[in-house]
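Everything on this sheet refers to the single structure shown next.
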Amino acid sequence: MSADLLFSKIVAGEIPADIVFQNKTVTAFRDINPQAPVHILIIPNKLIPTINHIEQSDEAVMGELFSVARQLAEQEGISEDGFRLIVNCNKHGGQEVYHLHMHLLGGRPLGPMLTR
Ligand code: 5GP
């Protein structure tokens, strides 16, 4: 299976994942290899491979990713202390799975944004 199909299969329930939110357009599930006490991936159900592939008609779902992130941060109890949202794009961005996803990270101080 190509890596871009992995998250589509999670959306379809064909591969197990710890899903914390799902509606018609967005799914959120815990990262299999968490980098912080809270590490959730928030994705459009529709396969958009990278940020480079976002079209004008995707603007609503892109906004929804932020709304779901806000909601999940509150549910996870990390809103007040703070958290980080990351979307990697292509090789230099360190993207591994080519189904656009927003990382929601928190639960501890996350340090500087980038390591040099
Ligand atoms: P990227 O590097 O593409 O921004 O992030 C991909 C993320 O997907 C990584 O943090 C990785 O741990 C996570 N991941 C990869 N495969 C799976 C999987 O099968 N299930 C879950 N829940 N997360 C995965």
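In the condition set (1) loosely packed, with under 14 Cβ neighbours inside 10 Å; (2) away from the ligand (no atom under 13 Å from the Cβ); (3) free of Cβ contacts under 8 Å to residues at least 40 places away in the same chain, His53 is compliant with all but (3).
When the stretch 94-104 is limited to residues that are near the ligand (Cβ under 10 Å from one of its atoms) and crowded, with 20+ Cβ neighbours inside 10 Å, the one that is farthest from the chain's Cα centre (by Cα) turns out to be His99.
Would you mind stating whether Ser2 is modelled with pLDDT of 95 or more and among the small types (Gly, Ala, Ser)?
Working: modelled with pLDDT of 95 or more: no; among the small types (Gly, Ala, Ser): yes.
The answer is no for Ser2.
Considered as a group, the residues in the stretch 19-42 that are assigned to a strand (DSSP E or B) and within 10 Å of the ligand (Cβ to nearest atom) include one that is nearest to the chain's Cα centre (by Cα), and that residue is Leu41. Residues in the stretch 46-66 that are in contact with a Cys (Cβ under 9 Å, 6 or more places away or on another chain) and under 10 Å from His99 (Cα atoms): Thr50, Ile51.
Inspect all residues belonging to the stretch 74-93 and state whether any of them is exposed (fewer than 15 other Cβ atoms within 10 Å of the Cβ), assigned to a helix (DSSP H, G or I) and among the hydroxyl-bearing types (Ser, Thr, Tyr). Looking for residues that are exposed (fewer than 15 other Cβ atoms within 10 Å of the Cβ), assigned to a helix (DSSP H, G or I) and among the hydroxyl-bearing types (Ser, Thr, Tyr), one finds none in the stretch 74-93, hence no. Among residues of the stretch 86-108 that are over 23 Å from Gln22 (Cα atoms), those with a beta-carbon under 6 Å from a residue that is more than 10 Å from the ligand (Cβ to nearest atom) and in a helix (DSSP H, G or I) at least six positions away or on a different chain give the pairs Cys89/Ile51.
The values are calculated or read from the model by the stated rules, or taken from the named source; none is laboratory data. Here the structure is a predicted model, which is why all the values come from computation and not from measurement. When we count neighbours, we look across all protein chains shown, and the Cβ atoms used for this are built from the backbone with ideal geometry, even at glycine.
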